[in-house]
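To start, the structure under review is shown below, and the notes come after it.
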Amino acid sequence: MKCNLKRVLSILFSATIIISVVINTSVIAGAATGVMADATQIDVKKNISINSTDVTIYAIEDWAAKYISIPSNFNSSFQLIVSGANQISYYVDGYEKVNISSNGLITPKINTYYWYGNYGTTVEEPNKTPTKITKDIEYGESTIIVCADDVEFEVKVNVVDYSDVYAEKIMDDYVSKNIKNDMSTYEKINIIAKFVAERDYDDGYSSYAGLIIAGGGDCWASTDAIIYMSKSAGLQAWKRNGSKDYGAGSGHMNAMVSDGKEYYEVEAGFTGSAPRYYSVKVRNSLYSYRLDDFDGMQIYQYDGEMYPSVLEIPSEINGNKVTSIGAYFAQLHPLIGGNSNINRVILPDTVKEIGDGAFLACENLASITIPKSVLYIGQRALGYLSDSYKREGFIIYGYKNTASEEYANINGFEFIALDEKFFSSGDANGDGSVNAKDRMMLTRYLAKWLSYENINMTSADVNKDGEVNAKDRMILTRHLAKWQGYETLSIL
């Protein structure tokens, strides 16, 4: 018991208290609809009640308050009222995102920062004049514990950014009015991209709220708006790393949109004043690619919503051979970092080059098989968690006197020559025999035991379907039990 009291038996009758606060005295009227309701919780035995256990607080930042205001029917605070108790106390449980006064008044928590050049602090320094003062609202959920005599209530409080609500209402209304069911997916996306491009480029705003309310935003803001509106129109949408595209900035971002059948790359983050240029491009592959020095294709990133756990690099795209993998191929974004999704990579024998940092920070990639065709492997392309740290136990399977052996030797990784050793299907631990130890290792690998992550993936894929899963364990189990039809496992 947080109050060291008996837990309340309660009846929750209804609804949500909606509260608002504006951190600026200079506001311009905005539009929204607010609803206020009362929820009462009662201890049946003690006849102690509280007027609400579910509170939502809406607040806006200074920048938004220059353009919009929260409607007057939204209160700036909420007063908790406890009836039937003699002694009442309140406190915020855990991380504080709201303030609660000694008499039960709830208000959003506002942090004030005093800036001295690039240095900011919540405490004003004596004898110094700050270069600027900013305020930050704590958004999210909090729990307030109310102790009323020997009864305890939990009050859930959610602080919501009203600028998001305001912007979402505008975008939802636009989608509802302009997107029709009989339109093609391309037409729907084109209408959405045009709406976004009708706002200026402004690197001062990186969210769709800034884009809609202030009338401008950067590529991140434009991408957020495209994704939100596409989802509102019933489509799938996600962020795409645009920083590797020719001519793009180092932090560039755009969007991928799909109807479940086709994929579209959507760009509305170009600089300039409205109306800005925008583009909707039908994608014939989820790999971004371009011509390389081998007269083939370089794939430089994967643009699906997330990288698959087993990443099988295609041998060709649109009839053109894939001959290289670009630098930092698996990096999600320069501002986001590494990739924890990939745990296996399958390379075709068309690949000749693996660029610098191609699989850098792929923390769950424990080994890789390099075909003979690879002539060059860039710095920290494989087996590195960062520029300075290697992945412990990383194994490279390859062929002697090739780039794979050279890379393994230079970087101090274990190298297993495929042209010197035959691996039997089912030999998960690579000791040259197939027995119960292999089944145990496969079982523990599937259970994600960390010490069993360096499994021989090639041999563990008993049925050769490109994946190591429960089917392989079943076949191996039946082979070891000498089931009819499972007497022999093939040699790779």
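The values are calculated or read from the model by the stated rules, or taken from the named source; none is laboratory data. This is a predicted model, so every value here is computed, not measured. Virtual Cβ from ideal backbone geometry, glycine too; neighbours counted across all protein chains shown.
Entry remark, the range 52-100: residues being farther than 22 Å from I133 by Cβ and among the acidic types (D, E) number 2 in total. Within the range 183-200, the set of residues being more than 22 Å from A274 (Cα to Cα) and either in the same structural domain as K46 (by TED's automatic domain parsing) or touching a Leu at 6+ places or on another chain (Cβ under 9 Å) (or both) comprises T185 only. Give E414, E312, E353 a once-over and let me know the one that is in contact (Cβ under 8 Å) with a residue 60 or more places away in the chain, among the charged types (D, E, K, R) and in contact with a Phe, Trp or Tyr (Cβ under 9 Å, 6 or more places away or on another chain). When all the criteria are applied, what remains is E353.
Considering V157, V196, V175, V165, the condition of being outside any helix (DSSP H, G or I) and among the β-branched types (V, I, T) is satisfied by V157 alone.
The one condition from (1) crowded, with 18+ Cβ neighbours inside 10 Å; (2) assigned to a strand (DSSP E or B); (3) touching a helix residue (DSSP H, G or I) at 6+ places or on another chain (Cβ under 7 Å) that D224 does not meet is (2).
Those residues that are out of contact with any Ser or Thr (no Cβ under 6 Å at 6 or more places or on another chain), surrounded by 13 or more Cβ atoms within 10 Å (Cβ to Cβ) and part of a loop (DSSP other than H, G, I, E, B), I need them from the range 86-123; list them, please. Listed by number, the residues that qualify are E96, G104, K109. Please indicate, with yes or no, whether at least one residue in the range 167-183 is surrounded by fewer than 20 Cβ atoms within 10 Å (Cβ to Cβ) and touching a strand residue (DSSP E or B) at 6+ places or on another chain (Cβ under 9 Å). Checking the range 167-183: not a single residue is surrounded by fewer than 20 Cβ atoms within 10 Å (Cβ to Cβ) and touching a strand residue (DSSP E or B) at 6+ places or on another chain (Cβ under 9 Å).
This table checks each residue for (1) more than 24 Å from S49 (Cα to Cα); (2) among the aliphatic types (A, V, I, L, M).
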residue: Y95; (1), (2): yes, no
residue: I100; (1), (2): no, yes
residue: Y114; (1), (2): yes, no
residue: N118; (1), (2): yes, no
residue: T129; (1), (2): yes, no
residue: D136; (1), (2): yes, no
residue: G140; (1), (2): yes, no
residue: V151; (1), (2): no, yes
residue: E154; (1), (2): no, no
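Restricting attention to the range 242-296, the residues being within 25 Å of D218 (Cα to Cα), basic (K, R) and assigned to a loop (DSSP other than H, G, I, E, B) number 2. Would you please name the residue that is surrounded by the most Cβ atoms within 10 Å (Cβ to Cβ), looking only at residues in the range 229-241 that are touching a strand residue (DSSP E or B) at 6+ places or on another chain (Cβ under 8 Å) and part of a helix (DSSP H, G or I)? Checked the range 229-241; the qualifying residue surrounded by the most Cβ atoms within 10 Å (Cβ to Cβ) is S230.
State which residue is farthest from the chain's Cα centre (by Cα) when the search covers only the range 126-175 and only residues that are without any contact (Cβ under 8 Å) to a residue 12 or more places away in the chain, farther than 23 Å from D62 by Cα and in the same structural domain as S52 (by TED's automatic domain parsing). So, considering only residues that are without any contact (Cβ under 8 Å) to a residue 12 or more places away in the chain, farther than 23 Å from D62 by Cα and in the same structural domain as S52 (by TED's automatic domain parsing), the one farthest from the chain's Cα centre (by Cα) is N127. Assess whether S279 counts as being closer than 28 Å to N411 by Cα, in contact (Cβ under 8 Å) with a residue 12 or more places away in the chain and over 23 Å from the mean Cα position of the chain (by Cα). No: the conditions fail for S279.
Y328 - would you say it is modelled with pLDDT of 95 or more and of a type outside the set (V, I, T)? When the stated conditions are applied, Y328 does not pass them. Counting residues in the range 61-72 that are among the β-branched types (V, I, T) and not in a loop (DSSP other than H, G, I, E, B) gives zero.
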